Amino acid sequence: MTGPIRWGLIGLGLAAATACLSSRGVPTETVGGECVVPLSANVPGSTLVVIRNFTFEPAEVRIKPGGSITWVNCDAAGQPAHTSTADQSQWDSGTLAAGQAFNHPFSAAGRFPYHCEPHPFMKGTIVVE
């Protein structure tokens with residue numbers, strides 16, 4: 001599969017897994033250096049932000065009100081844990097070890113900068129419009 005298709009499918013799987021498991025703890029595994037998430041047929045939409053190599057990818061995401069973002073830590077096991085923490089305290093994922101994920105819905109329009117608590121140089125922005 002090509003990159004955009006694979007990431008789209010992974011994003012769908014993350015949305016389904018987060019809906020079933022709660023806002024944390026989506027099971028992932030690393031296969032051939034890629035972060036892999038199980039897929040499900042009944043999937044609500046979610047946009048994926050990958051945490052890898054001390055970055056949020058993509059660093060800026062635009063979604064519509066009512067959408068959600070799923071952050072997944074795709075670093076290899078044994079790497080430092082990360083968080084997705086809103087600069088204005090709207091959300092905090094708590095510590096996400098390698099292979100864990102966090103989902104947060106956005107109901108209102110706005111610009112929401114965030115960072116990684118243990119690594120404050122890691123920054124991202126969610127734009128809801």
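The values are calculated or read from the model by the stated rules, or taken from the named source; none is laboratory data. This one's a predicted model, so the numbers in the text were calculated from it and none came from an experiment. Quick note on the areas: whole protein, heavy atoms, side chains included, nothing else; ligands and nucleic acids left out. Shrake-Rupley method; radii C 1.70, N 1.55, O 1.52, S 1.80 Å.
List of remarks:
- For the stretch 56-129, the pair-distance distribution built from all alpha carbon pairs, in bins 10 Å wide starting at 0, is 21, 55, 21, 2 percent.
- 3J(HN,Hα) couplings calculated from phi for the stretch 88-105 with the Karplus curve 6.51 cos²θ - 1.76 cosθ + 1.60 (θ = phi - 60°) are, in sequence order, 9, 6, 6, 7, 8, 6, x, 5, 10, 6, 3, x, 9, 9, 9, 10, 9, x Hz; Gly and Pro show x.
- Computed with a 1.4 Å probe on the full set of protein chains, the accessible area for I63 sits at about 20 Å².
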